[in-house]
Amino acid sequence: MSNKLFTSKATAQGGRDGHVKSDDGLIDLNLVNPAGDGDGTGSNPEQLFAAGYSACYDGALNLMASKQKKDIDSSITAEVSLIKDESDGGFKIGVVLNVEIKGVSQEEAEELAKQAHDFCPYSKATRGNIDVELNTKAV
């Protein structure tokens with residue numbers, strides 16, 4: 001892995017009913033299995049992935065818009081679902097990115113959303129591995 005810009009680190013213990021903490025302590029969360037019987041409060045891997053993906057995608061979207069001299073205001077809501085994988089009896093994830101863009105037409109919004117999806121590092125990492133659906137709306 002050459003040309004690293006930076007590396008982030010987090011350590012998890014106890015799986016879905018455990019704890020996760022970043023090396024700088026900014027993330028320090030209990031994990032709870034939303035499908036489990038526990039009554040604890042905490043996050044889960046899908047929620048953390050949704051937060052990262054939505055932030056990364058919004059950055060890519062705004063970069064694509066700025067390259068085209070378009071002044072936009074955007075909001076991305078990532079829905080990350082845990083899905084039963086019928087092929088092996090395990091699980092997989094699927095993502096819906098709800099993209100709202102202010103300042104452009106619907107056609108321009110859809111084109112910017114596609115360009116961002118082609119550019120975003122999270123989208124590149126998941127391409128061909130999980131289903132990602134884009135729901136784009138000009139507001």
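Taking the condition of being in contact with a Phe, Trp or Tyr (Cβ under 6 Å, 6 or more places away or on another chain) and at pLDDT 95 or above, how many residues in the range 60-91 meet it?
Number satisfying all stated conditions: 4.
Being among the small types (Gly, Ala, Ser) and at pLDDT 95 or above is the filter here, so list the residues in the range 92-139 that pass it.
94, 103, 105, 109, 113, 116, 123, 125, 138
Could you tell me how many of the residues in the range 51-81 are small (Gly, Ala, Ser), surrounded by 20 or more Cβ atoms within 10 Å (Cβ to Cβ) and either in contact (Cβ under 8 Å) with a residue 40 or more places away in the chain or within 17 Å of residue 110 (Cβ to Cβ) (or both)?
4
Only residues that are assigned to a strand (DSSP E or B) and either in the same structural domain as residue 98 (by TED's automatic domain parsing) or of a type in the set (Val, Ile, Thr) (or both): list them for the range 5-42, please. Steps first, answer last, please.
Filtering the range 5-42 down to residues assigned to a strand (DSSP E or B) leaves 10-13, 19-22, 28-31.
Result: 11, 20.
Which residue out of 76, 130, 93 is under 19 Å from residue 52 (Cβ atoms), assigned to a loop (DSSP other than H, G, I, E, B) and not charged (D, E, K, R)?
Answer to the check: 130.
The values are calculated or read from the model by the stated rules, or taken from the named source; none is laboratory data. All values derive from a computational prediction rather than experimental measurement. Heads up, the Cβs are rebuilt from the backbone with ideal geometry, glycines too, and the neighbour counts pull from every protein chain shown.
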